1. Count, please, the residues in region A:264-306 that happen to be assigned to a helix (DSSP H, G or I) and either touching a residue at least 24 places away in the same chain (Cβ under 8 Å) or over 30 Å from A:Leu237 (Cα atoms) (or both).
2. Restricting to region A:69-95, and then to whatever is surrounded by 17 or more Cβ atoms within 10 Å (Cβ to Cβ) and of a type in the set (D, E, K, R), can you tell me which residue is farthest from the other protein chains (Cβ to nearest Cβ)?
3. Going by what's in this entry, would B:Asp156 be described as in contact (Cβ under 8 Å) with a residue 12 or more places away in the chain, among the acidic types (Asp, Glu) and more than 14 Å from chain A (Cβ to nearest Cβ)?
4. Applying the selection to region A:4-15, what residues are crowded, with 24+ Cβ neighbours inside 10 Å and either touching a Leu at 6+ places or on another chain (Cβ under 7 Å) or hydroxyl-bearing (Ser, Thr, Tyr) (or both)?
5. Filter region A:331-345 for residues that are polar (S, T, N, Q) and surrounded by 11 or more Cβ atoms within 10 Å (Cβ to Cβ) and give the result.
6. If a residue counts only when it is of a type in the set (A, V, I, L, M, F, W, C), which strands (runs of 3 or more DSSP E) contained entirely in region A:536-610 have at least 2 such residues?
7. Just give me the residues in region A:1-27 being closer than 16 Å to A:Asn388 by Cβ, touching an Asp or Glu at 6+ places or on another chain (Cβ under 6 Å) and within 12 Å of chain B (Cβ to nearest Cβ), in sequence order.
8. Among (1) over 30 Å from B:Lys251 (Cα atoms); (2) at pLDDT 95 or above, where does B:Tyr89 come up short?
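The values are calculated or read from the model by the stated rules, or taken from the named source; none is laboratory data. Note that the structure is a prediction, hence the values are computed from the model and not measured. All Cβ positions, glycine included, derive from the backbone under ideal geometry; neighbour counts span all protein chains shown.
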Amino acid sequence: MEKYDVAVIGGGSAGLAALKQLSNLGKQAILIEAGSKIGSKNLSGGILYSKKPKKGQVTNVEQVYENFLDDAPLERKITKYILHSTSKDKVYSMDLTAAHDYQANFGYSVLMNKLNSWFAKQAQESAEKLGGGIIPGVHVKSLSWNEQTGTIIIQTDELDEFEVKAVIAADGVNSEIAEMVGARKKFTTEQLYQGVKVIVKLPEEIIDERFAISSDEGAAHLFAGDITLNHIGGGFLYTNRDTLSVGAVYHLDSLIRNPAEPYTLIDTLLKNPMVSEFIKDKVPIKPDIDKNLSQEEKLRIRFGVAKLIKTWYDIREANFSPSGRERLIESGKYKDVEDIQSTLLSIQEKMSEKFGVTFGTDYLEDEYGAKLVPDGKRCRMKKPFFKNILFIGDAAGRGVFVGPRIEGINVGIDDGVHAANAVARALDKNDFSNSLGEFYSKSIEHSPYTVDMKQIDKDYLKIFLDAAKDVPTDIIGVRYGTILKMMSSDTFRGIAIKFANIIGYDKLIPIIESEETYVKVPTILAEKLGKSISASYLPTIPPIADRIANLNYNDDNLAHIKVLNSSSEYMKKMVILCPSKCYSEEGGKVIIQHEGCIDCGTCSQETEWHHPRGEKGIHYQYG
Amino acid sequence: MGTLNITVIIKLEPDFSEGNVSYNPDGTLNRAETKNTLGPHSGIAAHAAFFGRVMYDAKVFIVTMGPPIADLALQQAQQISDAEELHLYSDRLFAGADTLGTAEVLRVGIEKMPHKMDIVFSGHRASDGETGQTGPQTAWKLGFTFLGNVISYSVDLETRTIRAKRLISLQGSPNVVEEVEAPLPVFISIDPTYKSNYDAVSQRLAFEKYQKEAIQRAQNFKDYLKVFNAKELGVDETLVGLPGSPTIVYKVERVPKSTATRRAEVIDGTDPEQIRKVVTKMKEALSAMVIK
């Protein structure tokens with residue numbers, strides 16, 4: 001049997017950071033990833049933060065990857081952070097940029113496929129030198145221990161079994177490793193959020209103009225109020241370089257209590273007039289083809305139109321981007337900017353004159369995806385290890401989510417570094433007993449991120465309350481929540497922090513994360529104080545079947561999910577809550593069709609749930 | 001343990017994938033307008049060579065006879081196989097060659113290589129010629145043991161032998177997999193169903209490493225490319241090109257377009273009467289399908 005020092009299981013940003021850190025420390029490690037390519041299974045909101053906490057230390061992404069700021073495929077540096085309360089066409093906005101900037105070096109919008117591929121390239125280069133590396137397309141099936149040596153024997157669906165001294169489990173929120181060894185139970189619905197996201201295409205310079213940002217700036221918009229359809233959570237819209245990430249994230253227990261389709265939730269957000277106006281673009285509208293034409297003629301027109309539209313999109317996208325224009329001119333096909341623009345115009349004319357294509361206002365969605373997010377304050381593993389297996393990131397249930405503070409990737413990276421340091425130390429001492437896990441557990445317990453999962457940061461709360469200080473007290477009746485009282489009253493605001501600490505974080509969470517905070521109060525704020533926004537068009541939202549059809553899959557004929565009880569109440573709710581509509585009910589029994597599954601794990605509570613085998617399943621383009 | 005030297009003979013072929021093919025009005029291929037690419041079977045042979053690279057740290061060489069633009073196929077094959085040398089045999093004298101005339105050029109080229117070859121791979125056939133003869137004829141000229149339809153192989157570097165599985169399909173009987181052992185050197189024609197299996201972690205690590213190297217090499221493929229004309233190769237001019245090709249194309253016929261046997265009828269889904277008709281037809285079709 002082949003033997004290696006360390007195996008990292010899962011090639012997300014946390015696992016890759018662990019591999020990179022181990023390599024930085026001169027330790028041999030291999031990383032096993034189920035996707036055919038690193039990044040293909042990853043999805044995030046996503047903003048990646050670098051933090052500078054006042055107390056304690058965290059390891060930031062730019063410390064793990066020294067050329068990160070110069071070379072990594074970052075989207076935009078978020079410089080505006082705004083919370084919008086919505087009620088029908090009314091929106092009341094609060095600037096929370098100070099909260100975003102709080103103890104932060106930076107926060108960049110990112111797309112996981114591109115970013116994790118970049119992380120992988122850096123980590124692979126370092127790991128290779130030490131005889132390690134990254135192995136994609138392999139799904140870990142089981143772990144067992146050699147009783148004599150205590151080493152871990154790893155069995156996969158694809159490779160011969162092999163042996164390692166320690167495992168760093170970074171296999172995400174639905175960690176199979178955690179479940180198979182019994183390190184923790186599956187997360188419950190109270191411990192999880194379900195997030196759904198769409199990528200909207202929008203040319204770079206249109207984004208600059210619409211969001212009033214320069215080319216190296218970005219904006220983040222959060223939404224609460226009636227767009228939540230009475231669920232606990234909210235919506236977001238982040239600017240990327242030439243796309244927008246638009247998503248809806250809700251507590252899973254809230255969705256279970258009052259089921260709403262994930263796509264309905266995101267559609268509601270997209271239809272909000274403010275969001276509709278943010279995402280709108282000029283789009284070509286295909287003409288109706290005369291049914292009486294011959295089959296060949298119909299095909300000729302259809303292909304002609306499709307080809308022109310594609311060319312038009314490509315050139316237009318480049319035309320609205322400084323680097324795109326440069327690329328076109330460098331290619332030698334165009335003399336100068338005017339040449340590009342006149343070509344674009346002539347294609348446009350050809351489209352309308354030759355084929356009857358018209359232009360209208362709509363939006364263009366390019367990818368739909370969903371993921372579960374572990375709510376760190378409710379589900380972080382108190383002891384994130386089992387024997388010589390260390391759990392990091394989502395697998396350990398770690399993330400900081402407090403109101404508008406949304407941090408996951410940076411937490412996973414910091415965890416990866418802690419775990420790598422602990423394993424490197426164990427390698428030096430050749431001690432893989434429980435002391436490895438205990439050392440890791442202790443080091444992570446002192447991480448400022450863990451502290452933030454345990455108690456509310458009073459300075460952060462103050463910034464949040466300050467942002468709300470302009471809300472007049474008489475607008476909202478006293479019956480709407482303690483938080484509102486804090487926000488709206490100077491006296492209360494003064495003692496709010498003291499108050500927060502007196503009642504304690506555990507008691508405060510239900511108040512912060514209540515329907516009042518996320519739904520009622522914002523709705524009233526919008527109604528009473530909001531400005532009316534009218535949308536200039538109605539977005540044509542693709543039905544879920546089209547969204548799924550647009551995704552890339554490598555179908556596995558073997559189902560990776562088995563329904564355990566086809567008539568349970570929970571499974572019946574999956575018919576509504578599965579983001580890719582894999583479940584249907586026939587004659588009182590719930591049945592699954594696993595082919596369109598996007599591996600989110602929403603149904604995992606009451607199913608036998610595995611990640612698909614190596615290279616199988618969903619393959620995100622953006623993530 | 002000795003080293004392993006592998007050559008792959010490949011071919012630049014018309015790209016028959018959608019949108020890349022162009023035909024003349026008489027139905028023959030318009031070669032000037034059609035894009036070219038590495039032949040799909042050549043690609044599989046290059047994958048088989050890469051298996052040798054990963055498993056046995058083999059040195060891989062890619063050779064082809066063709067026009068100067070065939071360097072495109074060499075580049076594509078290098079990206080698959082991580083080859084360290086690319087040889088292009090290109091001369092007007094080679095034009096008009098049939099499989100025998102081609103095999104002669106390849107034989108001379110392979111024998112002239114800086115190393116003695118242990119395995120020479122060819123694809124199963126070309127997508128434009130479809131005769132599948134160049135490989136076997138080259139093997140015969142080289143005097144190598146010929147193994148056809150190989151679906152997997154392993155090499156024992158100590159004993160200098162190869163074990164190969166061959167897929168034997170005979171019409172009317174089930175397929176048979178035959179396992180043969182042969183001393184090196186051998187000539188292998190790769191079966192279209194060939195697949196490389198990398199089952200150990202170390203093999204997968206080597207795979208990733210060499211794949212990365214292959215991509216880098218292919219980006220600068222000109223650094224690895226050597227072009228030889230007839231004189232540089234030292235071929236016997238009577239055995240190559242048209243003079244060396246005994247094949248006579250007697251007649252070319254167009255394959256008649258098959259007439260459609262199915263007819264489509266458009267049904268208005270809102271009309272219950274029409275739907276009833278569909279159901280009746282489906283019932284008829286189903287009852288016809290019952291095996292009696």
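1. Of region A:264-306, the ones assigned to a helix (DSSP H, G or I) are A:264-271, A:273-279, A:295-306.
Filter once more, keeping what is either touching a residue at least 24 places away in the same chain (Cβ under 8 Å) or over 30 Å from A:Leu237 (Cα atoms) (or both): A:264-271, A:273-279, A:295-305.
The number of residues fulfilling the criteria is 26.
2. Selected residue: A:Lys90.
3. Details: in contact (Cβ under 8 Å) with a residue 12 or more places away in the chain: no; among the acidic types (Asp, Glu): yes; more than 14 Å from chain A (Cβ to nearest Cβ): yes.
Judged against the criteria, B:Asp156 is not a match.
4. A:Val6, A:Val8, A:Gly11, A:Ser13, A:Gly15
5. Just the residues of region A:331-345 that are polar (S, T, N, Q), to begin with: A:331, A:341-343.
Result: A:Gln341, A:Ser342, A:Thr343.
6. Answer list for region A:536-610: A:561-563, A:589-592.
7. Within region A:1-27, just A:Lys3 meets the criteria.
8. With respect to (1) over 30 Å from B:Lys251 (Cα atoms); (2) at pLDDT 95 or above, B:Tyr89 is out only on (1).
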